[in-house]
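Since the structure comes first, as structure tokens, the remarks are kept for the end.
The values are calculated or read from the model by the stated rules, or taken from the named source; none is laboratory data. Fair warning: this is a prediction, and the values are worked out from it, not measured in the lab. FYI the Cβ positions are ideal-geometry reconstructions off the backbone, even for glycines, and counts take in every protein chain you see. Keep in mind that these areas ignore ligands, DNA and RNA; they rest on the heavy atoms of the full protein, side chains included. Shrake-Rupley method; radii C 1.70, N 1.55, O 1.52, S 1.80 Å.
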Amino acid sequence: MKRVLIVDDAKQVRERLISLLAEYPEIRIVGQAGDAEEALEALDRQKPDTVILDIRLPGKNGIELLKEIKAAHRAVTVIMLTNYDFEHYRQQSLQLGADHFFNKTLEFEKVVEILTR
């Protein structure tokens, strides 16, 4: 079973992901966070296998958070899911250890594909 933490400042996006992923018994949502501080607390407490991470977050952005996640939890799979689908964000995220980078508007369903492999 894959244990997933969802980190996005938009509650609607978190709720959409939760309802979408709830259909798959092999996926368990272990937490959600709206900012980096909540995400780091949930990461330590819930021990997810995968983090779905947006770039735009209040306070620390998703790229800064990605650095911290990979420094402390190298084995965690990070899926960047964002509306900020600029090539420099994609390259920077992948160089910092993101396992996947998807456009929230066009590639939302790819998250399911990755998690159900």
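Can you tell me, using C-alpha contacts under 8 Å and at least 6 residues apart, the relative contact order of the chain as a whole percent?
Computed over the chain, the figure is 24 percent.
Could you check the spin-label model distance between Asp99 and Arg74? Points 7 Å from the Cα along Cα→Cβ, value in nm. So the label points at Asp99 and Arg74 sit 1.6 nm apart. Between Asp35 and Met1, the simple label model (points 7 Å from Cα in the Cβ direction) yields a spacing of 3.1 nm. Count Lys and Arg as plus one, Asp and Glu as minus one, and take only other residues whose Cβ is under 11 Å from that of Pro48; the net charge is then +3. Taking the convex hull of the alpha carbon positions in the chain and averaging its projected area over all directions gives 6.3 nm². Calculated accessible area for the chain comes out at 53 Å² per residue, all protein chains present (probe 1.4 Å; ligands, DNA, RNA ignored).
For Met80, the residues whose amide H sits under 5 Å from its own are Leu53, Asp99, His100, Phe101, Phe102, ignoring neighbours fewer than 5 places away on the same chain, with H placed 1.01 Å from N. Scalar couplings 3J(HN,Hα) for segment 81-98, obtained by applying the Karplus form with A = 6.51, B = -1.76, C = 1.60 to θ = phi - 60°, are 10, 8, 8, 8, 8, 8, 4, 5, 5, 4, 4, 5, 4, 5, 5, 7, x, 4 Hz; x denotes Gly and Pro. Computed from label points 7 Å out along Cα-Cβ, the spacing between Gln91 and Val112 is 3.3 nm.
Backbone geometry of segment 12-24 corresponds, through the Karplus equation with coefficients 6.51, -1.76 and 1.60 at θ = phi - 60°, to 3J(HN,Hα) couplings of 4, 5, 4, 5, 5, 5, 4, 5, 5, 7, 5, 6, 10 Hz, x marking Gly and Pro. Amide H to amide H distances under 5 Å link Lys47 with no residue, where only residues 5 or more positions off or on other chains count and H is placed in the peptide plane.
Extension gain for Ser19 to Lys47 (0.36 nm times residue separation, less C-alpha to C-alpha distance): 8.0 nm. Residues whose amide H falls under 5 Å from that of Ala33, counting only those 5 or more places apart or on a different chain, are Ile6, Val7, Asp8, with hydrogens built in the peptide plane. Counting only Cβ charges, +1 for Lys and Arg and -1 for Asp and Glu, the dipole size of the chain around its Cα centre is about 240 debye.
Helices in the chain, meaning DSSP H runs of at least 4 residues, each add -39500 (n - 2.57). Divided by all residues, the mean residue ellipticity at 222 nm is -12000 deg cm²/dmol. What the phi angles of segment 37-46 give under the Karplus curve with 6.51, -1.76 and 1.60, with θ = phi - 60°, is a coupling list of 4, 4, 4, 5, 5, 5, 4, 5, 7, 9 Hz, glycine and proline written as x. Split the accessible area of the chain by element, probe 1.4 Å, and carbon with sulfur accounts for 47%.
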